[in-house]
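Working notes, structure below.
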Amino acid sequence: MKRIIALLLFACCLSLAVVQPVLAANTGSEAGVRAVEPLNVNSASQEELTVLPGIGPVTAERIVAYRTKKGPFKTVDDLILIKGIGQKTLEKIRPLVTI
């Protein structure tokens, strides 16, 4: 049980290390609120893509492989061509990504 808790704690810390670069300080706010900048799916690394809801390591790898083989995505809707991204996932990530 202690090992499971330790692994979960480690995974949480690791995920924070991945999420941190995606967050940017909102300099226009006195309260110091942080805003999430849209992630460019044409330049994001596999690790950065896994921060998106519903996008795990396998789907992120497929996104990068698609980009490498066929070139950059022309629209956010093109992500539907990736196995593992359905309409529901696309709608969840749409406000979080850009081309």
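The values are calculated or read from the model by the stated rules, or taken from the named source; none is laboratory data. Just so it is clear, the model here is predicted, and its values are computed rather than measured. Positions of Cβ are generated from backbone atoms using ideal geometry, with glycine treated the same way; all protein chains shown enter the neighbour counts. Note: areas computed on protein heavy atoms with side chains; ligands, DNA, RNA excluded. Shrake-Rupley method; radii C 1.70, N 1.55, O 1.52, S 1.80 Å.
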Query raised in the report: What number of residues within region 43-70 satisfy the criterion of being touching a residue at least 24 places away in the same chain (Cβ under 8 Å), under 12 Å from the mean Cα position of the chain (by Cα) and over 17 Å from residue 92 (Cβ atoms)?
Result: 1
Report summary line: Taking region 81-99 and keeping residues among the hydrophobic types (A, V, I, L, M, F, W, C), open to solvent by less than 70 Å² (accessible area, probe 1.4 Å) and over 15 Å from residue 43 (Cβ atoms) leaves 82, 85, 90, 93
Query raised in the report: Could you count how many residues in region 48-75 are out of contact with any helix residue (DSSP H, G or I) (no Cβ under 6 Å at 6 or more places or on another chain), under 18 Å from residue 38 (Cβ atoms) and open to solvent by 20 Å² or more (accessible area, probe 1.4 Å)?
Result: 5
